[in-house]
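S.K.: Right, I'll just put the structure down here and ask away after.
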Amino acid sequence: MRTIIGLLAIVSIVLVNYITNAQHQNTNDGEVSVSIRIEGPENTLLESMILTRPKKITTASGGTHMCDGTNNNASLIPGPTMTSTLDIASERDDFTWDAYVYFEKKNNFSFQN
């Protein structure tokens, strides 16, 4: 099992596909197909398509929070986020990651190296 602590790798998730084509790719349960790419210090750790969705996420440092893009009702439309996509990828591809909640008011996870 690979471990990404504090997101030692840089996560680059191409959500442009989601933003521009979500109405065409959304399934009935809010899942969307997006590209995910995780870069390590010297090479690409993961690059693939993934079916992502809003979900509750639990991290060792940050606890459990809903990751659905609404940011404590700042947005009315829930959808997948970078963090929910990372979490789904970690479950599928057997790696771990950690983050803490940086801005509790907006319910956002924050990553640090």
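The values are calculated or read from the model by the stated rules, or taken from the named source; none is laboratory data. Since the structure is predicted, the reported quantities are computational estimates derived from the model, not experimental observations. Cβ placement follows ideal geometry from the backbone for every residue including glycine, while neighbour counts extend to all protein chains displayed.
S.K.: Condition (residue is modelled with pLDDT of 85 or more and in a loop (DSSP other than H, G, I, E, B)) applied to segment 3-25: is it met by at least one residue? Lay out the reasoning, then the answer.
M.R.: The first filter runs over segment 3-25 and keeps only residues modelled with pLDDT of 85 or more, leaving none.
No; the residues of segment 3-25 include none that is modelled with pLDDT of 85 or more and in a loop (DSSP other than H, G, I, E, B).
S.K.: If you don't mind, there's one more thing I want to ask. Please determine whether any residue of segment 102-112 is modelled with pLDDT under 65, among the polar types (S, T, N, Q) and in a loop (DSSP other than H, G, I, E, B).
M.R.: Within segment 102-112, one or more residues are modelled with pLDDT under 65, among the polar types (S, T, N, Q) and in a loop (DSSP other than H, G, I, E, B).
S.K.: Can you pull out the residues in segment 49-83 that are of a type in the set (S, T, N, Q), assigned to a strand (DSSP E or B) and without any contact (Cβ under 8 Å) to a residue 24 or more places away in the chain? Walk me through how you get there before you give the answer.
M.R.: Taking segment 49-83 and keeping what is of a type in the set (S, T, N, Q), we get 52, 58-59, 61, 64, 70-73, 75, 81, 83.
Subsequent filtering for residues that are assigned to a strand (DSSP E or B) retains 52, 58-59, 64.
Scanning segment 49-83 gives THR58, THR64.
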